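Below you'll find the structure, written out as structure tokens, and then a few comments.
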Amino acid sequence: MSTHLPDRHAVKTLLGKVLLDAEGLERTLSRIAHEIIERNDDLGSLALVGIHTRGVPIAERLAALIEERSGEEVELGAVDITFHRDDAVAGREQPVVHATTLDFELRGMTVILVDDVLYTGRTIRAAIETLFERGRPARVQLAVLVDRGHRELPIRPDYIGKNLPTARSERIQVELAETDGADRILLVGAPEEKS
């Protein structure tokens with residue numbers, strides 16, 4: 001008997017409600033990889049650039065799926081947006097800074113920025129700014145695992161794993177084997193208010 005729970009039968013954990021389990025996450029990434037192959041005729045000029053932290057392993061998984069299906073190896077990179085954020089709060093603890101790695105020429109490339117959750121759009125704006133400091137790609141596309149809504153900037157993804165509308169008080173928590181030891185997507189609610 002399969003232990004996979006369909007999306008509509010989300011279960012409750014101590015952390016939150018499981019919206020997508022490991023099998024569902026794998027299927028979602030497989031579909032995104034297929035869409036990327038379909039929409040990009042020249043995979044030789046394609047680069048996947050993950051946004052730290054969870055966008056990086058997602059980009060790596062997508063690159064492996066694309067190569068497995070098309071036989072084409074795509075460029076891989078990573079960007080850290082720490083110094084381009086416009087929503088930094090004074091007094092917060094010191095941010096962890098990761099390396100921006102773009103070991104290929106951006107000119108003429110189609111760059112797909114990859115992130116786990118799209119929310120206000122400010123992370124993506126910062127990632128585009130970081131990217132353009134390093135060069136000028138022919139096109140920039142966006143792939144996200146989850147679009148939770150509540151945009152504050154006019155940013156729209158080209159590839160979406162799941163549309164999961166949320167309340168502003170809720171949070172989508174993506175967990176990946178590479179960073180968290182397990183693959184799943186959780187919906188974490190606001191702390192219960194006392195009446």
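Only residues that are in a helix (DSSP H, G or I) and surrounded by fewer than 22 Cβ atoms within 10 Å (Cβ to Cβ) were counted across segment 43-62, and they come to 5. Of the residues Arg151, Arg156, Arg125, the single one that is outside any loop (DSSP other than H, G, I, E, B), more than 25 Å from Asp180 (Cα to Cα) and at pLDDT 95 or above is Arg125. In segment 104-122, the residue that is surrounded by the most Cβ atoms within 10 Å (Cβ to Cβ) out of those that are out of contact with any helix residue (DSSP H, G or I) (no Cβ under 9 Å at 6 or more places or on another chain) and either among the hydrophobic types (A, V, I, L, M, F, W, C) or assigned to a loop (DSSP other than H, G, I, E, B) (or both) is Tyr119. Condition check: free of Cβ contacts under 8 Å to residues at least 40 places away in the same chain, closer than 19 Å to Ala59 by Cα and of a type in the set (A, V, I, L, M, F, W, C). Does Leu153 satisfy that? Here the answer is no, as Leu153 does not meet what is asked. Would you check which residues across segment 94-103 are without any contact (Cβ under 8 Å) to a residue 40 or more places away in the chain, surrounded by fewer than 18 Cβ atoms within 10 Å (Cβ to Cβ) and either among the small types (Gly, Ala, Ser) or part of a loop (DSSP other than H, G, I, E, B) (or both) and list them? Residues satisfying the conditions are Gln94, Pro95, Val96, Val97, Ala99, Asp103.
The values are calculated or read from the model by the stated rules, or taken from the named source; none is laboratory data. As the structure is a computational prediction, the values presented were derived from the model and not from experiment. Note: ideal-geometry Cβ built from the backbone for every residue, glycine included; neighbour counts use all protein chains shown.
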